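**Q** Please read through the structure below; I'll follow up with questions.
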Amino acid sequence: MNNIYLEPSSYRSKNSSVYIGDNYVFRKVNRIKEEEIKLFINSDFFNKNKSKLIETKILKDEEIKKFELQNFANTNQYLWLQHKKLNQITYPYEWCFEQLKDAAIFHLELNIEAIENNFQLSDATAYNIQFFNQKPIFIDITSFEKLKKNSYWAGYKQFCEQFYGPLVLSSKGNLEHFNIYKGNLNGIDLKIISKCLPFTSWFNLKILTNIHFHSYLNEKTNSQSHQSIKSKKIRGLSKDAYLDPGSGSILVQALLFILAGFGTFFVFSKNKIKSLFNKLFKKKQKIQNQDH
């Protein structure tokens, strides 16, 4: 009798569910992903990066019967993957600063190499990374998909909330990221990160664009008056634009970001200045009323 059970947290994945066995981890994948997964597992990228990806194979019908996986789902509707089972599972809010930094760099480098090989990561969740022999390893190969023409980085916001933001909080805000992370398991909201950072962070171009300006735009596009923006077609980036930092002139981009940053700062400051003048005016009017 095989002792296999559904991993409760696997509900996060759209097209797959994870089952834990005594010696292996199994993943039930919707057949709509079958062609893409087979293409990925047979790719040069997968074979070249086996040390960075969890050991995975597609189960044959006789292997599915051996593990009695047909009891969990109709095999005509689902593909079954077998993964190596890690002895220990850790979470981002348990990692020290250096571990989170290593995982962030690992994720970016893996995604860049995937793009070079016409694949891309569909998300940027930190929970897809574990540490094996003190090195990061990627555990969800269903997150890889074929590179879409002129697509944009769908996991950008998630990366900022689960990797970049917590790291910046620790390095610039002098806050222990894992304590805040524990109360924000899906990542720390950009608005919270922006407010917790010191004023000097506004003069750091990377923090300005990826945290402060990003937070401002995210809040604007989520507001009721800007819901129509979501329905508009967003123009993506070409493969070369992702891989070449100089594409489109990095200098022009930097200047635009600086101008955008000052514009954002002005918007934030405008309300504060207006409030200050209102208070002064009311105080002056009160004094005049008392004189009369």
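**Q** Starting from the Cα gyration tensor of the range 81-192, take the square roots of the eigenvalues, sort them a ≥ b ≥ c, and report rounded, prolate or oblate (rounded when a/c is under 1.5, otherwise prolate if a/b is larger than b/c, else oblate).
**A** Taking the square roots of the gyration eigenvalues as a ≥ b ≥ c, the range 81-192 is oblate.
**Q** Follow-up. What distance in nm separates the two pseudo spin-label positions at residue 191 and residue 6, each 7 Å out from Cα along the beta-carbon direction?
**A** That separation, rounded to one decimal, is 3.4 nm.
**Q** Then there is this: Decide, for the range 1-118, between rounded, prolate and oblate: order the square roots of the alpha carbon gyration tensor eigenvalues as a ≥ b ≥ c, take rounded if a/c falls under 1.5, and otherwise choose prolate if a/b is larger than b/c, else oblate.
**A** Oblate is the answer for the range 1-118, as a/c is 1.5 or above yet b/c matches or exceeds a/b.
**Q** Right, another one. I'd like to know which of 3, 19, 29 lies farthest towards the positive end of the charge dipole of the range 1-99, counting +1 on Cβ of Lys and Arg and -1 on Cβ of Asp and Glu.
**A** The listed residue farthest towards the positive side: 29.
**Q** Would you kindly state how much longer the chain becomes between residue 74 and residue 22 on full extension, computed as 0.36 nm times their sequence separation minus their alpha carbon distance, in nm to one decimal?
**A** So the extension gain works out to 16.5 nm.
**Q** Once you have the Cα-Cα distance between residue 36 and residue 132, take 0.36 nm times their residue separation minus that, and quote the gain in nm to one decimal.
**A** Additional length available on full extension: 31.9 nm.
**Q** Over 29 Å between C-alpha atoms is what I'm after, so list which of 14/191; 135/182; 28/48; 60/157; 48/172 land there.
**A** Listed pairs above 29 Å: 60/157; 48/172.
**Q** For the range 74-115, what does the alpha-carbon gyration tensor say about shape, rounded, prolate or oblate, given a ≥ b ≥ c as the root eigenvalues, a/c under 1.5 as rounded, and a/b over b/c as prolate?
**A** Here the range 74-115 falls in the oblate category.
Taken together, the values in this text are just the output of simple stated rules run on the coordinates, not laboratory data. This is a predicted model, so every value here is computed, not measured. Glycine gets a Cβ as well: all are built from the backbone with ideal geometry, and neighbour counts include every protein chain shown.
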